[in-house]
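Scroll down for the structure; my scribbles are underneath it.
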Amino acid sequence: MAYIVDLRSDTVTKPTESMKHAMVNSAVGDDVFGEDPTVNALESKLANLLGKQAALFVPSGTMANLIAIMVHCNKRGSEAMVGNLSHIFRYEQGGAAHVAGVLLSTIQNKPDGTFDLQEVENRIRGSDIHEPITSMIAIENTHNVCGGKVLPLQWVDDLSELCKRHSIPLHLDGARLMNAAAYLSASPERLVRGVDSVSMCFSKGLSAPVGSALVGSYHFIQQARRMRKMLGGGWRQAGVLAAAAIVALDEIAPQLGLDHKRAYRLGKVVEGLFLKTFSVDVESQHTNIVLVRISERSSLNADQVLTRLAQVSLAETQGDCKTPNDEGVIVKAICFNDKTMRFTLHCEVSDADLWLAIMKITFVFKELDAAYPIKS
Ligand SMILES: Cc1ncc(COP(=O)(O)O)c(C=O)c1O
């Protein structure tokens, strides 16, 4: 048996003991009737936290984003403008088209997760009869594919200004909003001040088992509640889940900075190996995600590296790559593309786990760097 350090995603986190306690003891009722006291408490807490009028507890981040699209783009012939690297565009099965009948129009993300505001302005459509109507613009903070990047506040403020000028609602996919707030040492309210709606997740770095939320105006949330029901997300005694989300906000959110420090440490170690095959841009790493890139001049691909990280060789266990009980170590991560791997830190990775992961990654990266010489 090998010891596994799972860095695939912060979604692998399980409910903490205090979450389980809160879940068992939560007061519940039928949330479709608006009678679950714990869900109601969570929704008020969120509206307060983000400085908006109302909130809605929903099963997933994907559903939260889809509902936002359905509410903002409720006119036929609508389009939502999103980043080409956004979760909405890449990882939600095109639900906007599939379910909502909304065209997704993509705008190129820059490496920091932003996009060009002049291009946004030029791309707004709807004044001409031939065109769809741009009915929503969405941003993502932190930006997952860009490596957990936190969007600059000024950029969000400028985009918000632009959206207001054109009367287009601005939606924030804030699945990891609390990570962004921790990085900036700013209140979550400040981060969402200029946006009309926000989705955020409890089931990622916040360690709750299930659940996301949509936050916005009374009117928006009223419409969102209807859409949630239509999508089959009208849940009943959901207080057992909301209880965990409340603990997530109270107890896990304040500790997110620790995950960021551990991610920085991992990035620094990989950078400090000075290998030709692997690189990390540590200086532009903001939160809990470490992107390791494989040189384009190497024949190695990300799948091969992940396969090797999931194996234990005799040689590595004869060195430091083992637990105090002499177990070998497996590190799990995911590949974003052929040449990019994502390692995600979360609250279930202790300093001891991080140390084991560092030993393993160091061993494997050095081994592969030697075995796959860079082409000149
Ligand atoms: C940025 C972002 N948005 C939305 C989601 C979707 O969340 P869920 O998996 O709860 O549907 C994810 C999931 O990882 C995400 O990273």
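The values are calculated or read from the model by the stated rules, or taken from the named source; none is laboratory data. Predicted, not measured: the structure shown is a model, and the values here were computed from it. Note: ideal-geometry Cβ built from the backbone for every residue, glycine included; neighbour counts use all protein chains shown. Protein only, heavy atoms only, side chains kept; ligands, DNA and RNA dropped before computing areas. Shrake-Rupley method; radii C 1.70, N 1.55, O 1.52, S 1.80 Å.
Of note:
- Remark on the chain: hydrodynamic radius 21.8 angstrom, per the Kirkwood mean of 1/r across alpha carbon pairs.
- Per residue, in Å², the accessible surface of the stretch 220-376 once ligands and nucleic acids are set aside, probe 1.4 Å: 46
- Stretching ILE129 away from LYS375 to a fully extended chain increases their span by 83.2 nm, per 0.36 nm per residue minus the current alpha-carbon distance.
- Among the GluC sites (Glu not before Pro) in the stretch 223-304, those placed in a DSSP loop whose Cβ has at most 12 other Cβ atoms within 10 Å are GLU296.
- Magnitude of the charge dipole for the stretch 189-329, about its Cα centre and with charges confined to Cβ atoms of Lys, Arg (+1) and Asp, Glu (-1), is about 660 debye.
- Using a simple spin-label model with pseudo-atoms 7 Å out from Cα toward Cβ, TRP355 and GLN118 lie 5.3 nm apart.
- A Förster radius of 45 Å combined with the Cβ-Cβ distance from ALA186 to ALA310 puts the calculated FRET efficiency at roughly 0.75.
- ASP6 accessible area, 1.4 Å probe, all protein chains in place, Å² to nearest 10: 30
- Interchain or long-range residues, amide H under 5 Å from THR134's placed H: GLU79, ARG125, GLY126
- The stretch 298-346 - percent relative contact order, Cα under 8 Å, separation 6 or more: 39
- Relative contact order (percent, whole number), the stretch 15-253, Cα cutoff 8 Å, 6+ residue spacing: 31
- Across the stretch 1-73, C-alpha contacts under 8 Å between residues 6 or more apart give a mean separation that, scaled by the residue count, equals a relative contact order of 13 percent.
- Within the accessible area of the chain (1.4 Å probe), percent carbon and sulfur: 53
- In range of the label at THR323: residues from the stretch 6-22 whose backbone nitrogen is under 12 Å from the point 7 Å along Cα→Cβ: 6
- Segment ALA2..SER217, full-extension length gain: 72.4 nm, with 0.36 nm per residue of separation and the alpha-carbon distance subtracted.
- For the stretch 48-96, applying the loop criterion from DSSP together with a ceiling of 11 other beta carbons within 10 Å to the trypsin sites (Lys or Arg not before Pro) yields LYS75, ARG76.
- Listed residue (SER350, CYS321, PHE278) projecting farthest to the positive dipole end of the stretch 267-376, Cβ model: PHE278
- Out-of-range pairs (alpha-carbon distance over 25 Å; input LYS149/LYS229; LYS75/LYS110; LYS149/LYS339): LYS149/LYS229; LYS75/LYS110
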